[in-house]
Amino acid sequence: VKPYLYVTRKLPEEIIRPFRRQFDIQMWLYEEKPINREALERETKHADAILTMLSDQIDRSLLEQAENLKIIANLAVGYDNIDLSAAKDRGITVSNTPDVLTETTADLTFALLMATARRIVEAARFIEQGSWNNWAPFLMAGKDVHHKTLGIVGMGRIGEALARRARGFSMDVLYHNRSRHLQAEESLGVHYAEFESLLEQADYVVCLAPLTEETKHMFDKEAFSRMKKSAFFINASRGKNVDEKALYHALINEEIAGAGLDVFEDEPIDSSHPLLALQQVTCLPHIGSATIETRNRMIELCLENIALVLSGKKAKTLVI
Ligand code: GLV
Ligand code: GLV
């Protein structure tokens with residue numbers, strides 16, 4: 001019998017099909033609706049492999065029921081939705097999708113920064129609402145990006161790709177990270193800074209740090225109060241790195257100038273979310289790596305990792 005792979009979202013059949021020779025593959029019925037807990041438990045209990053989304057909570061109680069599970073292939077570079085120690089205890093491999101999404105996510109992050117600084121979304125909405133009656137010198141006037149200081153918190157692959165883009169805009173780039181990246185300092189001309197010092201100097205503070213116990217709510221009241229009043233905060237990593245209430249207060253009290261957010265503490269958010277009411281905030285629905293090319297590559301990489309692990313080999317992009 002073929003190993004059983006369960007995919008927790010409906011994915012394009014063209015990408016899945018070649019793997020049906022090797023595996024018995026079942027998928028959740030919907031592309032846009034997440035799997036419910038009951039179905040996730042039922043499938044995880046018997047599957048040899050699961051291909052999961054960042055919106056699935058793969059916790060200890062779920063993994064304790066798994067009888068045959070050998071790999072969890074997460075369709076994301078982040079894996080904070082998976083209890084790694086529970087997976088480790090049961091000898092289950094966890095893989096993610098780094099590298100294939102690096103440039104795409106850096107593009108979105110820079111686009112969000114630009115959109116926020118130049119009020120792109122607000123300006124488009126303005127014209128759609130029929131409000132453009134006259135040209136005016138300061139109509140939708142934003143802030144410059146070129147020659148400003150970018151502060152990257154979380155200098156992984158995506159951070160480095162963002163720094164390369166920023167250099168093209170003649171920006172000065174500071175970064176903060178657990179460990180220093182001397183090679184990036186040399187090749188990209190970026191400078192290491194302590195977290196507090198980066199916050200005090202940057203015109204654009206961009207969070208690209210993974211969500212861990214150490215990074216959770218690292219952007220709190222204290223952090224926002226250190227930022228310049230003219231500075232913008234951009235988050236393209238995980239919403240829980242930010243104390244959203246503190247961010248909201250920093251914005252309404254004009255302690256910072258604006259924010260661009262691709263991620264939120266509790267996703268999805270609905271139209272009643274207080275941050276959406278602020279004109280200086282640009283919100284996106286967690287689309288950092290969302291291009292057709294990259295999503296296809298991410299799915300393929302998950303399937304390759306599953307094929308490797310189920311044939312006794314090591315995953316290409318192993319978390320544990
Ligand atoms: C998306 O947020 C990812 O982690 O890939
Ligand atoms: C994050 O994990 C990155 O690749 O930057």
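Please compute, over every Cα-Cα pair in the chain, the percentage with a separation greater than 31 angstrom. Walk me through the numbers on the way to the answer.
On the way: 18887 of 51040 pairs.
Tail of P(r) above 31 Å: 37 percent of Cα pairs.
May I ask for the net charge around ALA87, where only other residues with Cβ less than 14 Å from the Cβ of ALA87 are counted and Lys, Arg are +1 while Asp, Glu are -1?
Every neighbour counted, the sum reads -2.
Once both labels are modelled 7 Å past Cα along the beta-carbon direction, what's the SER85-LEU182 spacing in nm?
Here the modelled spin labels are 3.4 nm apart.
How high is the relative contact order of region 102-283, given as a whole-number percent (alpha carbon pairs under 8 Å, six or more residues apart)?
Details: 327 pairs, mean separation 37.5, N = 182.
Relative contact order comes out at 21 percent.
Give me the lysines in straight-line cross-link reach of LYS143: C-alpha distance below 18 Å, same-chain residues under 8 apart excluded.
Result set, ordered by chain and number: LYS228, LYS229.
How would you rank 175-184, 304-313, highest first, on the average number of other Cβ atoms within 10 Å across their residues?
304-313, 175-184
How big is the antiparallel share of DSSP beta bridges in the chain, given as a percent to the nearest 5?
5 percent
Among the listed pairs LYS10/LYS240; LYS45/LYS240; LYS216/LYS245; LYS45/LYS314; LYS88/LYS313; LYS10/LYS88, give every one whose C-alpha distance is greater than 25 Å. Provide the component values of the computation, followed by the final result.
Numbers: LYS10/LYS240 27 Å; LYS45/LYS240 29 Å; LYS216/LYS245 14 Å; LYS45/LYS314 23 Å; LYS88/LYS313 17 Å; LYS10/LYS88 27 Å.
Long pairs (Cα-Cα over 25 Å): LYS10/LYS240; LYS45/LYS240; LYS10/LYS88.
What's the whole-number percent of alpha carbon pairs in region 102-283 lying beyond 24 angstrom?
34 percent
With the Cα gyration tensor of region 1-72 giving a ≥ b ≥ c as the square roots of its eigenvalues, does the rule (a/c under 1.5 for rounded; else a/b larger than b/c for prolate; else oblate) give rounded, prolate or oblate? Mind showing how you got there, number by number?
Working: a/c = 2.22, a/b = 1.19, b/c = 1.86.
Cα axes put region 1-72 in the oblate bin.
Rounded to the nearest 20 Debye, what is the dipole magnitude of the chain about its Cα centre when Lys and Arg each give +1 and Asp and Glu each give -1 at the C-beta?
In total the dipole reaches around 700 debye.
How far apart, in nm, are two points set 7 Å out from the Cα along the Cα-to-Cβ line at ASN253 and at LYS314?
5.0 nm
GLU128 to VAL1: FRET efficiency via 1/(1 + (r/R0)^6), r the Cβ-Cβ distance, R0 51 Å, to the nearest 0.05? Please list the in-between numbers first.
On the way: r = 56 Å, r/R0 = 1.09.
Rounded to the nearest 0.05, the efficiency is 0.35.
Residues with beta-carbon under 14 Å from that of GLU196, excluding GLU196: net charge, scoring Lys, Arg +1 and Asp, Glu -1?
Every neighbour counted, the sum reads -1.
Mind giving me the FRET efficiency for HIS46 and HIS217? R0 is 35 Å, r the Cβ-Cβ distance, nearest 0.05 is fine. The partial results should precede the final answer.
Numbers: r = 38 Å, r/R0 = 1.08.
After rounding, the FRET efficiency stands at 0.40.
Pairs of alpha-carbon atoms within less than 8 angstrom and 6+ residues apart define the contacts here; what relative contact order does the chain have, in percent?
Relative contact order here is 17 percent.
Read-outs: derived from the displayed coordinates by stated rules, not from any lab. What you see is a predicted model, and the numbers here were worked out from it, not measured in a lab. In this analysis, Cβ positions are derived from the backbone assuming ideal geometry, glycine residues included, and neighbour counts consider all displayed protein chains.
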